[in-house]
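Here is the structure we will look at.
The values are calculated or read from the model by the stated rules, or taken from the named source; none is laboratory data. For clarity, every value in this text was computed on a predicted model and none was experimentally measured. Here the Cβ positions follow ideal geometry from the backbone for every residue, glycine too, while neighbour counts run over all protein chains shown.
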Amino acid sequence: MMVIYMGYDEIVTMLLEAGADVNIQDNNGRNALMIALNEENLEVARMLVDAGAHINVQDNDGETALMMAVCPAKKEVYNGKDRNEEYGYYYLSTKKDAEEGFNLEQVSALLGAGALVDIQNKEGETALIKSAQIGDAKLARALLDAGAKEHFSDKTCRTAMKWARERQHRSVVKLFRGYQQSKRGAAAPATAAAQPPAP
């Protein structure tokens, strides 16, 4: 796995061709795919998926490859207080990240390969919650389109919508509201159709 950290893609290719086990996990419970995604190396990640890497395995913290694609370790984090005086990790998202859709290509590739969207880590976070925390509407939309549920809450009782509101990620809040309205609109005709005819 060290060759992935060091960026030796050619050696990774050689190891795969020699039949290396792609699902060995390190002391943190991470497989090679997770490490490649944390290092934002989509090319190696794709090779590992093609070689049979387990997509939905969880590490010791309950993190999945999809969660790491949404917010990899290379994305800067800092410790701080929120308005409720609770400590926690806050993901810094730049304007450029928000415009370009941070790691959208990696997330889309994993979703296409069958990644489960609603797995929760030990903090109760889902990939959708993480996308709301960093304020990336494109990632959130991709996850919603793949069937991610908005109602999951983490151990702080925050849903993805609540995180987006607290962080003032307006584009994500707008996206969630649009999805909620479209769901209500779709449910209304079905309810009307179920009503018995008037006498």
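How many residues does region 120-140 contain that are in a loop (DSSP other than H, G, I, E, B) and touching a Leu at 6+ places or on another chain (Cβ under 9 Å)? Walk me through how you get there before you give the answer.
In the first step, residues of region 120-140 are kept if they are in a loop (DSSP other than H, G, I, E, B); the result is 120-126, 135-136.
Pick out the ones that are also touching a Leu at 6+ places or on another chain (Cβ under 9 Å) and you get 126, 136.
Count: 2.
Any idea which of Y87, Y78 is surrounded by fewer than 16 Cβ atoms within 10 Å (Cβ to Cβ) and either in contact with a Lys or Arg (Cβ under 7 Å, 6 or more places away or on another chain) or at pLDDT 90 or above (or both)? So that I can check it myself, show each step before the final result.
Values: Y78 fails: either in contact with a Lys or Arg (Cβ under 7 Å, 6 or more places away or on another chain) or at pLDDT 90 or above (or both).
None of the other options fit; the residue is Y87.
Quick check: is even one residue across region 6-27 modelled with pLDDT under 75, within 21 Å of C71 (Cα to Cα) and either in a helix (DSSP H, G or I) or among the small types (G, A, S) (or both)?
In the first step, residues of region 6-27 are kept if they are modelled with pLDDT under 75; the result is 6-13, 15-17.
Next, only the ones that are within 21 Å of C71 (Cα to Cα) stay: 6-7.
Next, from what is left, pick out any that are either in a helix (DSSP H, G or I) or among the small types (G, A, S) (or both): 7.
Checked region 6-27: at least one residue is modelled with pLDDT under 75, within 21 Å of C71 (Cα to Cα) and either in a helix (DSSP H, G or I) or among the small types (G, A, S) (or both).
Identify, from the list E99, E105, the residue that is of a type in the set (D, E, K, R), modelled with pLDDT of 70 or more and within 22 Å of the chain's Cα centre (by Cα).
Numbers: E99 fails: modelled with pLDDT of 70 or more.
Selected residue: E105, the only one of E99, E105 that is of a type in the set (D, E, K, R), modelled with pLDDT of 70 or more and within 22 Å of the chain's Cα centre (by Cα).
Quick check on region 49-68: of everything there that is over 13 Å from the mean Cα position of the chain (by Cα) and assigned to a helix (DSSP H, G or I), which residue is nearest to L116 (Cα to Cα)?
Only one residue fits best here, namely V49.
Against the conditions (1) in contact with an Asp or Glu (Cβ under 8 Å, 6 or more places away or on another chain); (2) modelled with pLDDT of 90 or more; (3) in a helix (DSSP H, G or I), where does L143 fall short? Just the number, please.
(1)
Under 7 Å between Cβ atoms, which residue pairs at least 6 apart in sequence (or on different chains) link something in region 33-46 that is in contact (Cβ under 8 Å) with a residue 24 or more places away in the chain and not assigned by TED's automatic domain parsing to the domain that holds A109 with a partner that is of a type outside the set (A, V, I, L, M) and surrounded by fewer than 18 Cβ atoms within 10 Å (Cβ to Cβ)?
So the pair list comes out as I35/Y5; N38/K74; E39/Y5; E39/K74; E40/K74; L42/E105; E43/D9; V44/D9.
Counting only residues that are under 13 Å from the mean Cα position of the chain (by Cα) and either hydrophobic (A, V, I, L, M, F, W, C) or buried (at least 23 other Cβ atoms within 10 Å of the Cβ) (or both), how many does region 123-164 have?
Summing the residues that are under 13 Å from the mean Cα position of the chain (by Cα) and either hydrophobic (A, V, I, L, M, F, W, C) or buried (at least 23 other Cβ atoms within 10 Å of the Cβ) (or both) in region 123-164 gives 21.
Suppose the filter is of a type in the set (D, E, K, R), under 19 Å from V117 (Cβ atoms) and assigned to a helix (DSSP H, G or I); does K149 pass it?
no
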